[in-house]
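These notes are about the structure you will find just below.
The values are calculated or read from the model by the stated rules, or taken from the named source; none is laboratory data. The structure presented is a predicted model; accordingly, all values stated were derived computationally and were not measured. Counting neighbours? That spans all protein chains shown, and the Cβs are built from the backbone with ideal geometry, glycine included. SASA here: full protein model, heavy atoms, side chains in, ligands and nucleic acids out. Shrake-Rupley method; radii C 1.70, N 1.55, O 1.52, S 1.80 Å.
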Amino acid sequence: MARLLITTFIFSFMLISVSSFAQDYKFDPVPNKAEYYVSKFNDGKGYKDYVNWVKQTNKMLDESGLYENFDIVLFQPYFNSDLSTHDVVFLGLWPNSTEQYKGLEYWVQNGVNQMKKIPVSNMQVVDTWQWPISSPEGNSEVGAVRFSDCKLKEGITSREAFDAYSQFAEAAKESGDNLGRKMIFPSVGASEGDYDYVYSLYANTVAELGSGADNYWENINGSEADIALGEVIESCNNYRTYITETLR
């Protein structure tokens, strides 16, 4: 089973202690929904077949009028501890649960024939909530993303971590950083694991993920914002990098 997203927290962004409601936060997360379909190619099929299938599916989705705010990104695993577990990941992004489940209702009622043509077999399907922290400027076609499974220090809430990440992202941007960041909270379909959330660091181009790493070590490491972020995070591990392609 692929370990793209491994955590047992169910809607953990809602699990904020009563005392935290009395705290003042500088940043307010704007949650969105995301579906991750972790798959292997069927015999004789490959990435181009999946891209073509998605493009065909987009025409069907457009006709419904229910997917105007739905985005699709395909991930190809690159740096990964076990490349045998999956070949590709389909990411579907929604602004909220209402639109997500209206789209799901349409798909289960009308997408049977299209699903018969899909060139992959799903190994795992994970429903998640996400808290976007920062977004890269510019358009993305072929980019890159790095995931890691993170645990907060004892007594630290997700909201406190979001503030620390947001302040870090602001400071990083001032140094030339152009990376996107998200805190991801998997729920239904997630694998078991001792993690509080999955952290996503992504770029509009493959090269920018690399230059962003150099910028961190040259200009951000050891800064006040970097130290403050380290005070809320216990650990992050199981790092894995994917090449991404935006198809909708």
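Yes/no matrix, rows are residues, columns are (1) in contact with a strand residue (DSSP E or B) (Cβ under 6 Å, 6 or more places away or on another chain); (2) open to solvent by less than 20 Å² (accessible area, probe 1.4 Å):
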residue: Phe168; (1), (2): no, yes
residue: Ala171; (1), (2): no, no
residue: Ser187; (1), (2): yes, yes
residue: Ser200; (1), (2): yes, yes
residue: Ser211; (1), (2): no, no
residue: Ile220; (1), (2): no, yes
residue: Glu231; (1), (2): no, no
residue: Asn238; (1), (2): yes, no
Inset, instruction - Kindly indicate whether any position in the range 105-114 is among the small types (Gly, Ala, Ser) and open to solvent by less than 50 Å² (accessible area, probe 1.4 Å). - result: yes
Inset, instruction - Give the range 117-132 a look and list any residue that's in a strand (DSSP E or B) and either in contact with a helix residue (DSSP H, G or I) (Cβ under 9 Å, 6 or more places away or on another chain) or open to solvent by less than 20 Å² (accessible area, probe 1.4 Å) (or both), or say none. - result: Val120, Gln124, Val126, Asp127, Thr128, Trp129, Gln130, Trp131
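Among the residues of the range 139-152, which ones are in contact with a helix residue (DSSP H, G or I) (Cβ under 9 Å, 6 or more places away or on another chain) and surrounded by fewer than 17 Cβ atoms within 10 Å (Cβ to Cβ)? Spell out how you get there, then give the answer.
Going residue by residue through the range 139-152, those that are in contact with a helix residue (DSSP H, G or I) (Cβ under 9 Å, 6 or more places away or on another chain) are 142-146, 150, 152.
Scanning the range 139-152 gives a single hit, Val142.
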Legend entry - The one condition in (1) more than 27 Å from Trp129 (Cβ to Cβ); (2) out of contact with any helix residue (DSSP H, G or I) (no Cβ under 7 Å at 6 or more places or on another chain) that Ile220 fails to fulfil: (2)
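If you go through the range 22-53 one residue at a time, how many are surrounded by 12 or more Cβ atoms within 10 Å (Cβ to Cβ), aliphatic (A, V, I, L, M) and either within 19 Å of the chain's Cα centre (by Cα) or over 24 Å from Thr85 (Cβ atoms) (or both)? Can you show your working first?
Here is the first cut: in the range 22-53, the ones surrounded by 12 or more Cβ atoms within 10 Å (Cβ to Cβ) are 23, 25, 27, 29, 31-42, 45-47, 49-53.
In the following step, the residues that additionally are aliphatic (A, V, I, L, M) were identified as 34, 38, 51.
Keeping just the survivors that are either within 19 Å of the chain's Cα centre (by Cα) or over 24 Å from Thr85 (Cβ atoms) (or both) gives 34, 38.
Going through the range 22-53 one residue at a time, the tally reaches 2.
Look at Glu160 and say whether it is open to solvent by 60 Å² or more (accessible area, probe 1.4 Å) and of a type in the set (Asp, Glu).
On the way: open to solvent by 60 Å² or more (accessible area, probe 1.4 Å): no; of a type in the set (Asp, Glu): yes.
When the stated conditions are applied, Glu160 does not pass them.
Residues of the range 29-66 being among the charged types (D, E, K, R) and touching a helix residue (DSSP H, G or I) at 6+ places or on another chain (Cβ under 6 Å), which ones? Before you say what the answer is, go through the steps one by one.
So in the range 29-66, the residues among the charged types (D, E, K, R) come out as 33, 35, 40, 43, 45, 48-49, 55, 59, 62-63.
Within the range 29-66, just Lys33 meets the criteria.
Yes or no, residue by residue, for (1) at pLDDT below 95; (2) over 23 Å from Met183 (Cα atoms):
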{"position": "Asn32", "(1), (2)": "no, no"}
{"position": "Phe41", "(1), (2)": "no, yes"}
{"position": "Val51", "(1), (2)": "no, yes"}
{"position": "Met60", "(1), (2)": "yes, yes"}
{"position": "Phe70", "(1), (2)": "no, no"}
{"position": "Leu74", "(1), (2)": "no, no"}
{"position": "Pro119", "(1), (2)": "no, yes"}
{"position": "Trp131", "(1), (2)": "no, no"}
Legend entry - Failed item in (1) modelled with pLDDT of 95 or more; (2) in a helix (DSSP H, G or I); (3) closer than 25 Å to Thr241 by Cβ; (4) among the hydrophobic types (A, V, I, L, M, F, W, C), with Phe13 passing the rest: (1)
Inset, instruction - Return only the number of the condition from (1) touching a strand residue (DSSP E or B) at 6+ places or on another chain (Cβ under 7 Å); (2) surrounded by 17 or more Cβ atoms within 10 Å (Cβ to Cβ); (3) not charged (D, E, K, R) that Ala225 does not satisfy. - result: (1)
Inset, instruction - Only residues in the range 146-162 that are closer than 19 Å to Phe27 by Cβ count as the first member; pair them with residues that are part of a helix (DSSP H, G or I), Cβ under 7 angstrom, at least 6 apart or cross-chain, and list the lot. - result: Leu152/Ala161; Thr157/Ser20; Ser158/Ser12; Ser158/Phe13; Arg159/Ser20
